[in-house]
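The values are calculated or read from the model by the stated rules, or taken from the named source; none is laboratory data. Since we're looking at a predicted model, the values are computed, not measured. In this analysis, Cβ positions are derived from the backbone assuming ideal geometry, glycine residues included, and neighbour counts consider all displayed protein chains. Note: areas computed on protein heavy atoms with side chains; ligands, DNA, RNA excluded. Shrake-Rupley method; radii C 1.70, N 1.55, O 1.52, S 1.80 Å.
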Amino acid sequence: QVQLVESGGGLVQAGGSLRLSCAASGRTFSGYVMGWFRQAPRKEREFVAAIKWSSGTTYYADSVKGRFTISRDNAKNTVYLQMNSLKPEDTAVYYCAADATTYSRSSYDYAYWGQGTQVTVSS
């Protein structure tokens, strides 16, 4: 059974930084794509970043490119999202997702999800 557990959310001032973690368990993730999505109140869930576990190839939404960095630690089976220069519009619940198929920016293409962690950026 795949389990994804996010942590690291919180309240931060604009311009600040946070690092989110996603601890993955239940199987070998070498062939998986791991993604981060976010959902703000009254908005649809949107793609933030993704990484191919085996190659380390990364993908970013234009809105976070240059500010956020996705990475993974093979030994810890953990994916990270380093978020710098945070803006109030980054406020959302952030979700970790995983899937065994090819990279996608659509949340519908990810089979496994964590419970989410709240990120609030004050102005």
Anchor LYS43: lysines whose Cα lies under 28 Å away (excluding residues fewer than 8 positions away in-chain)
LYS52, LYS65, LYS87
For segment 54-108: relative contact order, % (alpha-carbon pairs under 8 angstrom, 6 or more apart)
22
Leaving out ligands and nucleic acids, and using a 1.4 Å probe, what accessible area per residue does the chain come to in Å²?
51
Heavy-atom accessible surface of the chain: percent carbon and sulfur, 1.4 Å:
46
With contacts defined as alpha carbon pairs under 8 Å and 6 or more residues apart, what's the relative contact order of the chain in percent?
36
Check: the chain dipole with +1 on Lys, Arg Cβ and -1 on Asp, Glu Cβ, in debye:
120
Can you list the aspartates and glutamates whose alpha carbon is less than 14 Å from that of LYS76, not counting same-chain residues fewer than 8 positions off?
GLU6
Roughly what % antiparallel, to the nearest 5, for the DSSP beta bridges in the chain?
90
So if each residue of separation counts as 0.36 nm, and I subtract the Cα-Cα distance between SER85 and SER71, what length gain in nm does that give?
3.3 nm
What full-extension length gain, to one decimal in nm, is calculated for VAL2 and SER104 as 0.36 nm per residue of separation minus the Cα-Cα distance?
34.8 nm
